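Below is one structure, written out as structure tokens; comments come after it.
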Amino acid sequence: MSRIIAGHFQLQEQIDAARAALNQAGFPDSRISAFFVNQPGQHDLHALGGDRDISPGAMETPEGVVEGVAVGAAVGAGIGAAATLATGPLGPVVGALVGAHVGSLYSFNKMKDAGEVEKNGENRRPPRHPGMLIAVALGGLDERERALGALQRLGAEHIEEAEGTIANGDWHDFDPLSIPVLVA
């Protein structure tokens, strides 16, 4: 593992210019990796798509839905039984509709308020910005300053520092969900 400096650009031409500048600064292509970072939620890390099993901010959703279904079923059964006397065979249908509505309202009531912090603050951490990313593996502190200088001169945004392995131009252990440590 080595220290890595990475900068974001929007265009492929900017990445090409950054690669040339890093080459001129003494970094070989084998220690430079460039690729596109997808929008949060679109990294396709799971077989069904997406980044996580459960989205941040929706951790309690399964429990809320189950509770809503239980409350809705109980209310619907009671209303259906009572409405059968007044409406005949439409009583269960009316009960089901009212029960579904009450259950959905109960589920909404159980949701967290917008922005409420979850365990570990997961829904408060800013995600990595999408776009083109160019990264260079460093060999020492002098190389850090050369890489930072080259990326800053070219207008790189969201320059970050990380630990990882770049070999043959590929950042093997890049994690798109990791929280970037910005340096500039």
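The values are calculated or read from the model by the stated rules, or taken from the named source; none is laboratory data. Bear in mind the structure is a predicted one, so any value in this text is a computation, not a measurement. Methodologically, a virtual Cβ is constructed for each residue, glycine included, from the backbone with ideal geometry; neighbour enumeration extends over all protein chains shown. Heads up: the accessible areas ignore ligands, DNA and RNA and are worked out on the full protein's heavy atoms, side chains in. Shrake-Rupley method; radii C 1.70, N 1.55, O 1.52, S 1.80 Å.
Tabulated results
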read-out: Test for Leu133: is it modelled with pLDDT under 85, under 25 Å from Ile4 (Cβ atoms) and of a type in the set (A, V, I, L, M, F, W, C); value: no
read-out: Answer residue from the stretch 135-145, given it is in a loop (DSSP other than H, G, I, E, B) and either in contact (Cβ under 8 Å) with a residue 40 or more places away in the chain or charged (D, E, K, R) (or both) and is least open to solvent (accessible area, probe 1.4 Å) among those; value: Leu138
read-out: Considering residues of the stretch 146-173 that are part of a loop (DSSP other than H, G, I, E, B) and at negative phi only, the residue surrounded by the fewest Cβ atoms within 10 Å (Cβ to Cβ); value: His172
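Here's the yes/no breakdown for (1) in contact with a His (Cβ under 7 Å, 6 or more places away or on another chain); (2) at pLDDT below 80; (3) aromatic (Phe, Trp, Tyr); (4) more than 24 Å from Ile4 (Cα to Cα):
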residue: Ser30; (1), (2), (3), (4): no, no, no, no
residue: His43; (1), (2), (3), (4): no, yes, no, no
residue: Gly57; (1), (2), (3), (4): no, yes, no, yes
residue: Gly88; (1), (2), (3), (4): no, no, no, yes
residue: Ala114; (1), (2), (3), (4): no, yes, no, yes
residue: Asp142; (1), (2), (3), (4): no, no, no, no
